[in-house]
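The values are calculated or read from the model by the stated rules, or taken from the named source; none is laboratory data. All of these numbers come straight from a predicted model, not from anything done at the bench. Here the Cβ positions follow ideal geometry from the backbone for every residue, glycine too, while neighbour counts run over all protein chains shown.
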């Protein structure tokens, strides 16, 4: 501060100095340039159930082909679980890697593969931590009515899958009890 290198954005009544990230980020970037070389490209692929394993393999092949086309070595994070589930192991790992600044690029086949709802949150994290996001199948922009209709359909899909999933679990349990009798 005495040398004028860091000029605070705000100086509090108590004498504390508050600095903006934009001012600090440029200063430290030069020191950590080789840190960018250590960052990786991540391909995130997800399906909802074991029945869709073939679809998962197709997603992985497409992401790998896309990344190799542009000369990016890629690490694939595979996930199995429903779209609105934030507790998926792969999603948790992806978030940790973003927060630790280990990722330079994130490649998705479709935005819905990230999360059915809440993908904006992950994309905001990516933007904040300077992670470039590539969506291979970017859908053309929709009107507000189309987006609302799509959201309603997604909500119905999620909850009907959850309802039928519970029923099938109950049915299997009942069937095993009957067979055991």
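Here are the numbers for the structure shown:
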{"quantity": "Residue within the stretch 7-25 that is modelled with pLDDT of 70 or more, outside any strand (DSSP E or B) and assigned by TED's automatic domain parsing to the domain that holds residue 127 present", "calculated": "no"}
{"quantity": "Qualifying residue in the stretch 46-64 (condition: in the same structural domain as residue 122 (by TED's automatic domain parsing), in contact with a helix residue (DSSP H, G or I) (Cβ under 9 Å, 6 or more places away or on another chain), under 19 Å from residue 102 (Cα atoms) and assigned to a strand (DSSP E or B))", "calculated": "no"}
{"quantity": "Count of the stretch 78-127 residues which are in a strand (DSSP E or B) and surrounded by 19 or more Cβ atoms within 10 Å (Cβ to Cβ)", "calculated": "5"}
{"quantity": "For residue 49: the one exception among (1) at pLDDT below 70; (2) over 12 Å from the mean Cα position of the chain (by Cα)", "calculated": "(1)"}
